[in-house]
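The values are calculated or read from the model by the stated rules, or taken from the named source; none is laboratory data. In this text the structure is predicted, and so the values were computed from the model without any measurement. Cβ placement follows ideal geometry from the backbone for every residue including glycine, while neighbour counts extend to all protein chains displayed.
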Amino acid sequence: MMSFEVRPLSPVIGAEVVGLDLGGPVDDATFAALRAAWFEAGGLLVFKEQSLAPQAQVEFSRRFGDLEVHVAKRYLLPGHPEIYRVSTKKDAQGKAVGNPESGRYWHSDLSYLEPPAMASLLYALEVPPMGGDTLFANMAAAYDALSPPIRTMLSSMTAVHDYAHVLRLFSHGVRAHVGPGTLPSVRHPVVRPHQETGRATLYVNPGFTTHIEGLARHESDAVLNMLFEHAVRPEFVYRHRWSVGDAVLWDNRSTMHHAVHDFYGTGGVRHMHRTTIMGTAQ
Ligand code: OGA
Ligand code: MN
């Protein structure tokens, strides 16, 4: 068992883990303690001053479960298809090497799949001098803060999630990313008990949730908008200011995140490697 220190970053979400090298060996007892600390911190851990080669990031991520290979193939790291590049860099031909958009809207990774993602690990190789932060919201804390009648109403609801939703919102064109009709929409309960903690958790997000089943469109929009506004109240949110070498691990089952794209035009470069751990059926 290796020792590490856990320093909360806010009362509701996020903790920094100090004294652990993710690229080195992490024994089973230490890994179990890390997972417990992760849940304790609302599903968000920050590891600073890491030096994670692609293979080491893949191996550490695999401890949590199987890794997914993202549908946007052109952003995968050659030789390491489990690594999805989030980047503003361009190659010699002027083509983006990674996704330059990287979630500039609130979302939970892969909520449009069944089962959706368990977790993501994002590792910063280059960061702009300022800007490019990421916001994280604790969806279990948001659920807890809803009044009992609303919680009861939500408990019987099912929402539809679709990858194309956000592409329509931002009019990127679905075709450019995945081709038409390659990803059917999926259904998830609006309140999803967390698989490890059992905690009731809101599981809808502006990026991929299109509507709540069985409701009229205006009702669905009203309920979803109320939940989206509620869930990202400042007291449920931690804002991460990135440094090179930061590795941030989030639980997609209990958090949403939002990349802040405020550094375009400043000349700043942001280049990151993401691994995504697949979830298991509910
Ligand atoms: C992601 C993502 C946020 C960011 O990689 O899943 O949403 O700040 N990135 O780049
Ligand atoms: Mn994301």
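Quick notes on this structure:
- Unmet criterion (only one of (1) in a loop (DSSP other than H, G, I, E, B); (2) within 18 Å of the chain's Cα centre (by Cα)) for D262: (2)
- Selected residue (criterion: farthest from ligand 2 (Cβ to nearest atom)) from residues of region 96-117 that are outside any loop (DSSP other than H, G, I, E, B) and under 9 Å from the mean Cα position of the chain (by Cα): A117
- One residue stands out among those in region 237-249 that are under 16 Å from the mean Cα position of the chain (by Cα) and either at pLDDT below 95 or among the aliphatic types (A, V, I, L, M) (or both): the one that is nearest to ligand 1 (Cβ to nearest atom), which is V248.
- The test for being within 13 Å of ligand 1 (Cβ to nearest atom), among the small types (G, A, S) and either surrounded by fewer than 17 Cβ atoms within 10 Å (Cβ to Cβ) or in a loop (DSSP other than H, G, I, E, B) (or both) does not hold for S120.
- Checking each residue in region 130-161 for being more than 13 Å from the chain's Cα centre (by Cα) and within 16 Å of ligand 1 (Cβ to nearest atom) picks out M130, G131, G132, D133, H161.
- Some residue of region 155-168 being in a strand (DSSP E or B), modelled with pLDDT of 95 or more and surrounded by fewer than 22 Cβ atoms within 10 Å (Cβ to Cβ): yes
- Residues that are more than 12 Å from ligand 1 (Cβ to nearest atom) and buried (at least 19 other Cβ atoms within 10 Å of the Cβ) were ranked within region 250-276; the one that is farthest from V190 (Cα to Cα) is D251.
- Filter result for the condition that a residue is of a type outside the set (S, T, N, Q), closer than 14 Å to R7 by Cα and buried (at least 18 other Cβ atoms within 10 Å of the Cβ), over G19, G42: G42
- G132 meets all of the listed conditions (1) in a loop (DSSP other than H, G, I, E, B); (2) farther than 27 Å from H188 by Cα; (3) away from ligand 2 (no atom under 15 Å from the Cβ) but one, namely (3).
- Residues (among the hydroxyl-bearing types (S, T, Y) and surrounded by fewer than 22 Cβ atoms within 10 Å (Cβ to Cβ)) located in region 135-154: S147, T152
- Note on region 33-54: among residues that are without any contact (Cβ under 8 Å) to a residue 40 or more places away in the chain and assigned to a loop (DSSP other than H, G, I, E, B), the one that is farthest from F236 (Cα to Cα) is A53.
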